[in-house]
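What follows is one structure encoded as structure tokens, with my remarks underneath.
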Amino acid sequence: MAIVERVFSGVQPTGNLHLGNYLGAIVNFVRLQETHNCIYCVVDLHAITQPVSVWGGPTELARNTREVTAAFIAAGIDPNKHIVFNQSQVTGHAELTWIFNCVARIGWLNRMTQFKEKAGKDRENASVGLYDYPVLMAADILLYRATHVPVGEDQKQHLELARDIAQKFNNDFADSIRSHGFADGLLFPPPEPLITGPATRVMSLRDGTKKMSKSDSSDNSRINLTDDADTIAQKIRKAKTDPEPLPSEEKGLEPRPEADNLVGIYAALSGRSKAEVLREFGGGQFSNFKNALVELCVTKLSPIASEMKRLMADPGHVDAILIDGADRASVIAHETMQAAKDIVGFIRKP
């Protein structure tokens, strides 16, 4: 089985996709499909690691899965050239997770900081799934023998775990791997982080020190991908600012988180640097800059919102995209699982 350069990434179907999701992940997904073979997964198995009150139950999970898929397509991902599917349709994700559970070490999982953050103080009541989430993430990547994974700051530790699991599996079963025709001794190539340039970290429109989040009680804190032009304009004009004019240099943004956030959003949507944006708007009042930001956001996001709404109105079409993607993903996953089972020593149907 030759190693094929392949990108894998996933997005949880948690509902209310917003500008932070778009600039932080989806924009890069669209760019990567021009240069790589890509597999984009709606990770619905990950969604249920949290309490039902968080992911909303069966009806919400299905709706949110379709919404993420619609966002992918509306933003420009081509499901015919690349693979778009939902995780639960490919059984290899769960199968490989169990094998990796028997390879990964408790000490490795105890070091995962995201579990500590998500479980909070009541860790005894957290699900085993939440604790084991990073092993499932490793299985997601390695099931397709992905060579590259675009990761943000909060996922780097999980990618390192995937590399550790791949290395330990390859070491533990080295002789068997070679006897099954893998001369390099690698069933699972350790995946590399894919650096796509400075990550766009979008903060709340109400508090520039906090990330934009769907869980914020104020809808005015975020721009949802489904917001219409009037709603986008209203939210930007109400966004928290300070009384000073915009600075002319980036250094002047450092003590001003709200100004930094809005300039960063403009820069990301326009494909320019913050320095370039400040050369145009520095020294001016926020009102003029906000008007320009409204125009830019509406131009960039309104077509995505319109297409998402069109797709969401036809769930059968969205489901057909996911089924087709799952069928194509299953071909790759099946090949990996057959090899993994043979290498471990499982007797299976020929």
- Being of a type outside the set (K, R), touching a residue at least 12 places away in the same chain (Cβ under 8 Å), outside the structural domain of N37 (by TED's automatic domain parsing) and in a helix (DSSP H, G or I) narrows V294, V318 down to just V294
- Query: Which one is nearest to A275 (Cα to Cα), of the residues in the stretch 226-247 that are touching a helix residue (DSSP H, G or I) at 6+ places or on another chain (Cβ under 6 Å) and polar (S, T, N, Q)?
  - Reply: T241
- Note on the structure: Conditions (1) within 18 Å of the chain's Cα centre (by Cα); (2) over 12 Å from A162 (Cα atoms) -> S127 fails only (1)
- Message: Show me the helices (runs of 4 or more DSSP H) entirely contained within the stretch 87-128 in which 1 or more residues are farther than 15 Å from T49 by Cβ and at pLDDT 95 or above.
- Response: 92-101, 106-110
- Query: Which of the residues belonging to the stretch 1-42 are assigned to a helix (DSSP H, G or I) and within 18 Å of I141 (Cβ to Cβ)?
  - Reply: A25, N28, F29, L32
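Among P189, P193, which is the only one that is in a strand (DSSP E or B) and surrounded by fewer than 20 Cβ atoms within 10 Å (Cβ to Cβ)? Walk me through it before giving the result.
Values: P189 fails: in a strand (DSSP E or B).
Among P189, P193, only P193 is in a strand (DSSP E or B) and surrounded by fewer than 20 Cβ atoms within 10 Å (Cβ to Cβ).
Can you find even one residue in the stretch 247-259 that is assigned to a helix (DSSP H, G or I), of a type outside the set (F, W, Y) and touching a strand residue (DSSP E or B) at 6+ places or on another chain (Cβ under 9 Å)? Break it down into steps so the answer makes sense when it comes.
Step one: of the stretch 247-259, the residues assigned to a helix (DSSP H, G or I) are 250-253, 257-259.
Okay, now just the ones that are also of a type outside the set (F, W, Y), so 250-253, 257-259.
Next, only the ones that are touching a strand residue (DSSP E or B) at 6+ places or on another chain (Cβ under 9 Å) stay: 257-258.
Yes, that holds for at least one residue.
Considering only residues that are farther than 19 Å from A239 by Cβ and either of a type in the set (D, E, K, R) or within 24 Å of the chain's Cα centre (by Cα) (or both), look in the stretch 269-279 and name the one that is surrounded by the fewest Cβ atoms within 10 Å (Cβ to Cβ).
The extreme case among them is G271.
The values are calculated or read from the model by the stated rules, or taken from the named source; none is laboratory data. Remember, it's a predicted structure, so these values are computed and weren't measured experimentally. Glycine also receives a Cβ, built like all others from the backbone with ideal geometry; neighbour counts cover every protein chain displayed.
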